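Chemist: One structure, pasted below without further comment.
FYI, it's all coordinate maths here, none of it is from the lab. What you see is a predicted model; the values in this text were computed from it and never measured. Cβ coordinates were reconstructed from backbone atoms using ideal geometry, including for glycine residues, and neighbour counts include every protein chain displayed.
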Amino acid sequence: MSPLWEHAAKGHAEFPRLRSLSTAFMSVAMLNAILSVAMLSAFLLLYGAGKRWRRDGASQQMWLMVAAALVIFANVAIWVVPDEKGQSLVTGAADMP
């Protein structure tokens, strides 16, 4: 092992709280990025379906693009919309150690 890798592993072993904080931050930041990309892709799917509809009329591919966008919107809503207690899956992931 390289000395740098050994130092990093030793640092995480000595400070387990630092490791959990960095892991929690990365997971929340990654989750936010994934949800943002999902929303952008859903809007782009709807935009592409609209362009295809104007060009070719209603086609099977256009309807599949709309269906895919609706599935993505539903998945993001599952993660973001809070329940009766005011907790969502995103806030639950942020609270995890």
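Chemist: Would you please give the FRET efficiency between VAL37 and ALA58, computed as 1/(1 + (r/R0)^6) with r the Cβ-Cβ distance and R0 = 41 Å, to the nearest 0.05? Display every interim value, and only then the final one.
Modeler: Values: r = 28 Å, r/R0 = 0.69.
After rounding to 0.05, the efficiency reads 0.90.
Chemist: Would you mind calculating the gained length between ALA74 and MET30 on full extension (0.36 nm times residue separation, minus the Cα-Cα distance), in nm to one decimal?
Modeler: Numbers: separation 44, 0.36 × 44 = 15.84 nm, distance 1.93 nm.
Result for the pair: 13.9 nm of gain on full extension.
Chemist: Separate question: So how do 54-63, 29-38 stack up, highest first, on mean other-Cβ count within 10 Å?
Modeler: Packing order, densest peptide first, comes out as 29-38, 54-63.
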